[in-house]
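Beneath this line is the structure, given in C-alpha cells, with notes to follow.
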Amino acid sequence: MELSADQRGALDRDGFLVVPGALDAEWVARLTRAFEAAPAQADGTQHVVLSDATLERAAWRRLESHPFVVAAATHVLGGPIRIRDLHGRNPLPGYGQQGLHADSVARAAGDPYSVVTALWMIDAFTDDNGATRVVPGSHRLTRPPPPSFAQPLARHPDERVITGAAGTVLVFNGHLWHSGRRNTSAGPRRAGQMVIVSG
C-alpha cells in the first residue's frame, strides 16, 4: 500500500496519523473476545498477553500485517520493519492517567527514528474514557518531555486529544510526546498496542 502525500506529510510534520475504519466491525468483535477471556482486574489496567492460548489469536496477529500500518511504519523508519510487541490494554474506570512520555530514548539531531507505535481502538476513544493525548511535532525534538510535563496531571499547551470510533487506528512516531488519560467513564477503553522497530 502507498501512503498519500498528505499522509506522509502529516507523519513528517505532526508525527501521527488517525485512520477511521481501519478495522471492520467483525474484526473489532474478534479482538474484543480476547479481553473477555483475559484475567479480570478490579483496578488498574487489564492486559491481553498473546500466547497460543489467547482467544482469537489469529485476529490479533493479523494486525501485524495491516497494510496501512506497515506503510506508515516503513515511511517513518525508512526501511525494513519488525514487530517488537503486540498486546491489549484496558485502563479501567478511574485509571489510565500517565505523564507525557516518548516510546523511545532521546536521539541526536539527524539520527533516524527508531520506533513507531500503533493504537487500535477496540472501544471508541472518547474524552470521557481517557483517549490518548499527543503533542504534535514533538517527535522532532531531541529530548524527552521535561519533568514538569512528565507529571500525570500536567497539561501541555499544544496537546491534542485523539478520539475516534471503534476500528480506528492511531499511528505515531515513537519519539512523539504522548500519554493515556484518566478513564472517567463507567466503561472500558480497550485497545491493541503494537510497537514497531527497524529490522
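A compact table of results
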{"read-out": "Hits in segment 149-172 - residues which are in contact with a strand residue (DSSP E or B) (Cβ under 6 Å, 6 or more places away or on another chain) and charged (D, E, K, R)", "value": "159, 160"}
{"read-out": "Among the residues listed as 58, 73, the single one being in contact with a helix residue (DSSP H, G or I) (Cβ under 9 Å, 6 or more places away or on another chain), at pLDDT 95 or above and of a type in the set (Gly, Ala, Ser)", "value": "58"}
{"read-out": "Single residue of segment 1-29 satisfying the filter (in contact with a Leu (Cβ under 8 Å, 6 or more places away or on another chain) and in a loop (DSSP other than H, G, I, E, B)) that is farthest from residue 56 (Cα to Cα)", "value": "15"}
{"read-out": "Subset of segment 53-81 (residues that are over 30 Å from residue 107 (Cβ atoms) and of a type in the set (Val, Ile, Thr))", "value": "54"}
{"read-out": "Which numbered condition residue 100 misses (of (1) over 22 Å from residue 128 (Cα atoms); (2) of a type in the set (A, V, I, L, M); (3) in contact with a helix residue (DSSP H, G or I) (Cβ under 8 Å, 6 or more places away or on another chain))", "value": "(1)"}
{"read-out": "Any chance residue 35 is modelled with pLDDT of 95 or more, under 14 Å from the mean Cα position of the chain (by Cα) and of a type in the set (Phe, Trp, Tyr)", "value": "no"}
{"read-out": "Cβ-Cβ under 8 Å pairs, at least 6 apart or on other chains, segment 30-53 side under 9 Å from residue 88 (Cβ atoms) and touching a residue at least 24 places away in the same chain (Cβ under 8 Å), far side of a type in the set (Phe, Trp, Tyr) and in a helix (DSSP H, G or I)", "value": "31/60; 34/60; 46/35; 48/35; 48/60; 50/60"}
{"read-out": "Residue in segment 134-146 that is within 21 Å of residue 75 (Cβ to Cβ), in a loop (DSSP other than H, G, I, E, B), of a type in the set (Val, Ile, Thr) and touching a residue at least 12 places away in the same chain (Cβ under 8 Å) present", "value": "yes"}
{"read-out": "Qualifying residue in segment 82-97 (condition: surrounded by 12 or more Cβ atoms within 10 Å (Cβ to Cβ), among the small types (Gly, Ala, Ser) and more than 22 Å from residue 133 (Cα to Cα))", "value": "no"}
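This table checks each residue for (1) among the aromatic types (Phe, Trp, Tyr); (2) buried (at least 20 other Cβ atoms within 10 Å of the Cβ); (3) farther than 19 Å from residue 101 by Cβ.
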position: 124; (1), (2), (3): no, no, yes
position: 143; (1), (2), (3): no, no, no
position: 165; (1), (2), (3): no, no, yes
position: 172; (1), (2), (3): yes, yes, no
position: 182; (1), (2), (3): no, no, no
position: 186; (1), (2), (3): no, no, yes
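The values are calculated or read from the model by the stated rules, or taken from the named source; none is laboratory data. If you're wondering where the values come from, they're calculated on a predicted model, not measured in any experiment. Note: ideal-geometry Cβ built from the backbone for every residue, glycine included; neighbour counts use all protein chains shown.
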